[in-house]
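For reference, the structure is listed below as structure tokens.
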Amino acid sequence: MASGRKREFDSEVALDAAMHVFWQKGYIGASLMDLTQSMDISKPSMYRAFGNKESLFVKTTQRYLETKMKSHMDLLFEEGFSLKQRLKNHMMSIVEMQCGSEQAKGCYLVLCQSELVSGVIPQEAEQILVEAENLPMKLYTDLFTEDPEAIELGLDKNAHINSLSLYTMLKGTATMARSGVNPLELGQSIDNILTGIGLH
């Protein structure tokens with residue numbers, strides 16, 4: 001490639017390709033060769049466009065949150081549905097993504113967050129994973145403490161535990177999806193969780 005020549009790849013397409021590698025192999029398991037081959041670019045091009053592996057991971061995680069998670073979160077506040085139906089729609093939307101065949105099974109975040117215990121995840125990558133870990137709990141807790149129907153049902157009194165139950169369930173479905181469990185069975189488990197916290 002001649003000096004000064006513009007990059008001949010779409011950065012968003014390249015980020016999506018890198019995201020799927022991290023999704024399948026985790027941060028630790030994804031090698032630079034895995035990433036550049038999937039992105040269809042050279043290592044020098046990757047470094048110029050995205051920085052090192054850690055910087056690339058931060059960018060792909062930000063893209064995952066923006067392109068993969070926002071639509072699921074929006075379902076929690078969709079008008080015209082009961083609280084139970086909104087939660088079911090939200091959780092099943094995530095489960096269907098976890099079980100989808102267009103990308104690696106499970107959850108990109110859950111897989112990479114599980115690697116934090118190794119102590120080898122670089123600081124910036126660790127920070128964005130911790131921040132992403134806190135987002136769902138805060139969102140669910142705010143929902144249980146502020147939603148009129150949740151307050152009427154008394155779910156605000158145990159908002160933290162209710163939120164932890166939902167988040168624990170979705171982390172579990174991520175693992176089960178990677179094991180090949182189908183969405184229908186996982187949906188029945190979600191029904192049990194929602195009933196258990198008081199949504200009959």
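Explain nothing, just the number: dipole magnitude of the chain about its Cα centre with +1 on each Lys and Arg Cβ and -1 on each Asp and Glu Cβ, in debye rounded to the nearest 20.
Numbers: 19 positive and 26 negative charges, 153 e Å.
Computed charge dipole of the chain: roughly 740 debye.
Compute the convex hull volume of the Cα atoms of the chain, divide it by the residue count, and report the result per residue in Å³ as a whole number.
Numbers: hull volume 26.2 nm³, N = 200.
It comes to 131 Å³ per residue, whole-number rounded.
Name the aspartates and glutamates eligible as straight-distance cross-link partners of LYS25: C-alpha to C-alpha under 13 Å, and not fewer than 8 places from it in the same chain.
Those aspartates and glutamates meeting the cut-off are ASP34, GLU115.
Could you list the GluC sites (Glu not before Pro) in the range 1-91 that lie in coil according to DSSP, counting only those with at most 12 other Cβ atoms within 10 Å of their Cβ? Don't jump to the answer; show the numbers that get you there.
On the way: sites: GLU8, GLU12, GLU54, GLU66, GLU78, GLU79; in loops: GLU8, GLU78, GLU79.
Hits after loop and neighbour filter: GLU8, GLU78, GLU79.
State in Å² the accessible area per residue of the range 66-190; use a 1.4 Å probe, count heavy atoms of protein chains only, and round to the nearest integer.
Details: 6520 Å² over 125 residues.
On a per-residue basis, 52 Å².
Hey, what's the Cα Rg ratio for the range 84-200 versus the globular rule of thumb, 2.2 N^0.38 Å? Write down the numbers at each step before the final one.
Details: Rg = 15.1 Å, N = 117, 2.2 N^0.38 = 13.4 Å.
Cα Rg divided by the expected 2.2 N^0.38 Å: 1.13.
The values are calculated or read from the model by the stated rules, or taken from the named source; none is laboratory data. Remember, predicted model here, so these are calculated numbers, not experimental data. Cβ coordinates were reconstructed from backbone atoms using ideal geometry, including for glycine residues, and neighbour counts include every protein chain displayed. For the accessible areas, the whole protein counts, side chains as well, though only heavy atoms, and no ligand, DNA or RNA atoms are used. Shrake-Rupley method; radii C 1.70, N 1.55, O 1.52, S 1.80 Å.
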